Amino acid sequence: MFRANRILNILLILMLMSVPILAPANAVEERLLSPSLLLRTLQRGDLAIIVHKSNPVQNLSMGELREYFLAERSHWSTQQKIRVAMREPGSPEREAVLRLICGMKRDQDFTTYFLRAKFSEQVVDEPRSLDSTPNMIRFVANVSGAIGYVRADEVDPSVRVIRVDNLLPGDPDYKLVLP
Amino acid sequence: MLSINRKTFRIVLSCLVFFAPSYLLPETTVHGQAKTELAQPAKPGDSSTQTGSTAAIPVPSTTTGPTDDSDKETIRQMLRRIEDLEGRIRELEARQAQTAAPTGTGTATAQQNAATEGIDSPAASPTNTNGGQGAIPPVAITHDDHQDLPNGPPRLQIQGFADVNFRATNEKGRNNSFFLGQLDLFLTSRLSEKFSVLSELILEAGEDNAFTFEIHRLLLKYSRNEYFNLSAGRYHTSIGYYNTAFHHGSFFQTTANRPFLFAFESRGGILPLHNVGLSLTGRIPSAPLGLRYVAEIGNGRAARPGARPVQTVVDENNGKSFNLGIFARPRQVPGLQTGFSVYHDRLTRPGVPTVDQTIMAGHLIYVNDRTELLNEAIVFRHAQAGRIFYIPGFYTQFSRRFDNLRPFFRYQYVNVPGDDPIYRAVGRRNGPSVGVRYDLSDFVNFKAQYDHTGRRRLSALDELILQLSFTF
């Protein structure tokens, strides 16, 4: 009996020790991730550019982002119509996008820009204005051609984060940082 | 009976504590999930239904080694940060609860968004009032088509533009007057994913103080993709930059009036700025420098004395005008645009030989949120019975914004030969304009402008224009 218990105990220990080997790859990877990168993302207030999960785009340059957010491009390479989602005026995320991507210091410049773009036949629909992060994520998750942005620590799995100038939020030289 | 001794129990417990988190955590909640998505594009229609933590942060694959002391400190900082964020969330929830009670703003917005997008978003359900604290509902619907269509019939959007002016001039026969500019009603409507309608209706008073109403633009537009956009109807000809950048509403203009090269036909302008026909525009695939093209064919401009210049219903000949243009907006220099266009038409007048008209236009533009630099040059070539006449013209305009104030300077020149078969009455005009635009609000501005215009064989004109322009 004692020997059987001992053997069972050893088997139990071996099973538990094998858990990391049998666990999903992501879970293993998770243990290896450095929290310092996550903290940098949180502390610095990185903005993540998000698209619909079906969108195959992996990376956009800042110049391309500017073209997309200012509706100089109307379709993705997949011929899907681009739908730009913006946060409501006054939100720090919107201010960061206007300043860093669109090159605009005042919110009214963006409003006037789209009024004028509509007037000059460049666009028909203005960017969708969304008043919260959940609404932004919901919009991008539901509209296949959508592109938007949220704080990197607020991204969830229903959308996909794309690289900007080949960098992700948390990378040292990532440019989209909240003021 | 099987029993586990104390030592073994301790070992088992340690193993559980050490390894269990990595095993028990759902796959979606780990950072590796975001990383996987970045590396592998999701398939269309993929509806991720995983739930769990709402914050998954993408982390690059280049990661560091095992946890050390600094990481522990980092984790402590993160925990503090999470506590702060939770505090903020509680505060926001409390605030939202206060405001949502009477108005229901959040839910209404979500519902409105979903309705306008034509998507049955589960998040728009009235029962979902968690303010996003829970997991985002699974993505169940992907509308590739008609996602911009509102429910029901197309909806008309109207934007108005208008201006009120005062003009003081030394021109003989013209008194200093207050006057109304154009009342511009700009209409748009999306009919489907690819079709839309645009119209610009103008109501204005003439020199006889009588109002006239005219459809200045009416276009049905088909946008297949960004390389092919076909419009049919009455459009503003893509000659140069100014005509398709500013159209009728003076609200967008820095100056109080248009350069006289781009003055409208009804106000003595010499360019065929309006046309009825077809217009095709788009990007040139794979071309560098953001190259775009424009190709237009239409009735052209009337040349008969007394006829209305824009041939909206009847063309005075069977020949059609065409306009071909190419322009570049290089991504590397945001705000820069340069381009060239060629317009051709045959102008027929009773009793005189037909005039072969060619208009070549080039522009170099740089506009950003502070600086505006517009340069355009145009040359008309009129060929009639073996004789050639050239009309050169240009304008240059510079302005810079200082907060809400934007001073500007413009110099313009056009020189029509005295024997030109079509526009000889225009003669030569040249001179500077200086002024200032002040934005009183986002949608109201005030302009003060002084023009000095030299004229061939006539005295120079001096004019002061004060203008209030607005959009509504």
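The values are calculated or read from the model by the stated rules, or taken from the named source; none is laboratory data. All figures in this text were calculated on a predicted structure; none of them were measured in a lab. Using ideal geometry, Cβ is built from the backbone for each residue, glycine included, and neighbour counts are taken over all protein chains shown.
A few remarks follow.
- Every residue from region A:129-179 that is of a type in the set (F, W, Y) and assigned by TED's automatic domain parsing to the domain that holds A:E93: A:F139, A:Y149
- Subset of region B:186-201 [among the hydrophobic types (A, V, I, L, M, F, W, C) and crowded, with 20+ Cβ neighbours inside 10 Å]: B:F186, B:L198
- Qualifying residue in region A:143-153 (condition: within 7 Å of chain B (Cβ to nearest Cβ) and either β-branched (V, I, T) or under 16 Å from A:E72 (Cα atoms) (or both)): yes
- Residue in region A:105-116 that is within 9 Å of another protein chain (Cβ to nearest Cβ) and under 19 Å from the mean Cα position of the chain (by Cα) present: no
- Tally, over region A:132-160, of residues that are surrounded by fewer than 24 Cβ atoms within 10 Å (Cβ to Cβ) and either of a type in the set (D, E) or in contact with a Leu (Cβ under 6 Å, 6 or more places away or on another chain) (or both): 2
- Unique residue being in contact with a helix residue (DSSP H, G or I) (Cβ under 8 Å, 6 or more places away or on another chain) and farther than 23 Å from A:Q58 by Cβ when the list is A:S132, A:S158: A:S132
- Taken over region A:148-176, the criterion of being part of a strand (DSSP E or B) and under 9 Å from the mean Cα position of the chain (by Cα) is satisfied by A:G148, A:Y149, A:V150, A:R151, A:R160, A:V161, A:I162, A:R163.
For every residue, the table says whether it meets (1) free of Cβ contacts under 8 Å to residues at least 60 places away in the same chain; (2) over 20 Å from B:L230 (Cα atoms).
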{"site": "B:G268", "(1), (2)": "no, yes"}
{"site": "B:S279", "(1), (2)": "no, no"}
{"site": "B:G298", "(1), (2)": "no, no"}
{"site": "B:G306", "(1), (2)": "yes, yes"}
{"site": "B:K320", "(1), (2)": "yes, no"}
{"site": "B:V342", "(1), (2)": "yes, no"}
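- Criterion (modelled with pLDDT under 90, crowded, with 20+ Cβ neighbours inside 10 Å and part of a helix (DSSP H, G or I)) met by exactly one of A:L38, A:L98, A:L65: A:L38
- Scan of region B:377-389 for residues that are at negative phi and loosely packed, with under 13 Cβ neighbours inside 10 Å, ordered by number: B:R387, B:I388
- Search result, residues across region A:123-142 that are part of a loop (DSSP other than H, G, I, E, B) and either at the interface with chain B (Cβ under 10 Å from one of its Cβ atoms) or within 14 Å of the chain's Cα centre (by Cα) (or both): A:V123, A:V124, A:D125, A:E126, A:D131, A:S132
- Looking across region B:68-103, the residues that are polar (S, T, N, Q) and at pLDDT 70 or above come down to B:T74, B:Q77.
- The residues of region B:266-309 that are in a helix (DSSP H, G or I) and either more than 23 Å from B:E204 (Cα to Cα) or at pLDDT 90 or above (or both), listed by number, are B:P288, B:L289, B:G290.
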